[in-house]
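A.B. asks: Okay, here's the structure, questions in a sec.
Any read-out appearing in this document is the output of simple, stated calculations on the displayed coordinates, not a laboratory observation. Since we're looking at a predicted model, the values are computed, not measured. All Cβ positions, glycine included, derive from the backbone under ideal geometry; neighbour counts span all protein chains shown.
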Amino acid sequence: MGSARAPLSGYGPCEVYGNVYYVSYNQAGNYSTWYWEIRYYGNGGGQWTNGTCYWSVGGFASASGTFTVPSGNAYDSYIVLRSGYFTKPHNAQGYLIDQQNMAFSINGNVHDGIGSGTAYADPGSAPRIPKPPSQPAAPTFVSAEPDSIAFKITAPSDNGGSAIITYDIFVYDEVAGPDDVVGGWQSGSSNQTTAGKVELSPSTKYRVRYRAKNGIDYGPWSAFTMMETEAGVFVSDGTNWIGAGPQVSDGSAWVKAGPQISTGTAWEEPIDV
């Protein structure tokens, strides 16, 4: 809450007073609601008017009007000239766009005893209106088994002003179309494994992505990360056991076989998107 009080320029002890404060926010409309009030203080000085005085509010919000001070009220502690509510828009991230002082002014030029003056009040700040979380980084590969993959996920850089509740994690076939989901689950941990959640095939490439959810909604999906399971069958080269997944010979060695795309002159791995 911000309030201010300032003397008027007349020979009497009159003052102008104003206050402004945050009330609430509207999630759907993305705006905050504020209350303001402007008062005239006679302070027992006996100043009264038989004509019109002017008041105005400017800066953070704008309004204006007129008032008179009847002789019967000349010694009252104060008169509320006007009060009300107004709204302020917030930006796409939920933060208040416009933040400035509010000026409360009185111009009592019809009476030398009242005079003129302005009080400046700082309304303070409104809380951020919560939004869905931002897009997290792509998952990071850690290790693989013939039927599972281990990887890490990270919290988004912006939780949207609301604590992250969980993550949706999805595994897709290598060509990750909307219907290529192998399986998914929810978790709050950064260390993830498909074991016990999604059974994968040996020597197979998969794409993994995830998204965060806070108290408002889900955020956008991360980018995909391509990951590959280990071979399910191994053969010995005399010294080591080597995964024996699908392989082809390049004339001098056997190399793992996977889908490739021709550029017209060479075969290349598909590009992660």
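A.B. asks: For the cross-link pairs Lys131/Lys205; Lys88/Lys213; Lys131/Lys197; Lys152/Lys197, which exceed 23 Å when the distance is taken from alpha carbon to alpha carbon?
C.D. replies: Lys131/Lys205; Lys88/Lys213; Lys131/Lys197
A.B. asks: Give a residue-ordered list of calculated ³J(HN,Hα) values for the range 95-105 (Karplus: 6.51 cos²θ - 1.76 cosθ + 1.60, θ = phi - 60°; whole Hz; x for Gly, Pro).
C.D. replies: 8, 4, 7, 9, 9, 8, 5, 10, 9, 10, 10
A.B. asks: A follow-up question, please. Tell me which residues come under 5 Å, amide H to amide H, from Ala144 once H is placed; ignore anything under 5 positions away on its chain.
C.D. replies: Ala150
A.B. asks: If you don't mind, there's one more thing I want to ask. Over the range 92-224, calculate the relative contact order: mean separation of alpha carbon pairs under 8 Å at least 6 apart, over the residue count, as a percent.
C.D. replies: Dividing the mean separation by the residue count of the range 92-224 yields 27 percent.
A.B. asks: Applying the Karplus parametrisation 6.51 cos²θ - 1.76 cosθ + 1.60 with θ = phi - 60° to the phi angles of the range 52-64, what ³J(HN,Hα) value in whole Hz is obtained for each residue in order, glycine and proline being reported as x?
C.D. replies: Working through the residues one at a time gives 9, 10, 10, 10, 8, 10, x, x, 4, 8, 10, 6, 7 Hz.
A.B. asks: Along the range 17-25, what does the Karplus equation 6.51 cos²θ - 1.76 cosθ + 1.60 (θ = phi - 60°) give for ³J(HN,Hα), rounded to whole Hz, x for Gly and Pro?
C.D. replies: So the Karplus estimates, Gly and Pro as x, are 9, x, 9, 8, 7, 6, 10, 6, 10 Hz.
A.B. asks: Viscosity 1.002 mPa s, temperature 20 °C: what is the translational diffusion coefficient of the range 1-123 from Stokes-Einstein with a Kirkwood Rh over Cα pairs, rounded to a whole number of µm²/s?
C.D. replies: 142
A.B. asks: Using a simple charge model, +1 on the beta-carbon of Lys and Arg, -1 on the beta-carbon of Asp and Glu, nothing else, what dipole does the range 1-124 show about its Cα centre, in debye to the nearest 20?
C.D. replies: Computed charge dipole of the range 1-124: roughly 140 debye.
A.B. asks: Which residue, Asn101, Gln27, Ser9, has the largest displacement toward the positive end of the dipole of the range 2-121 when charges sit on each Cβ (Lys, Arg +1; Asp, Glu -1)?
C.D. replies: So the residue we want is Gln27.
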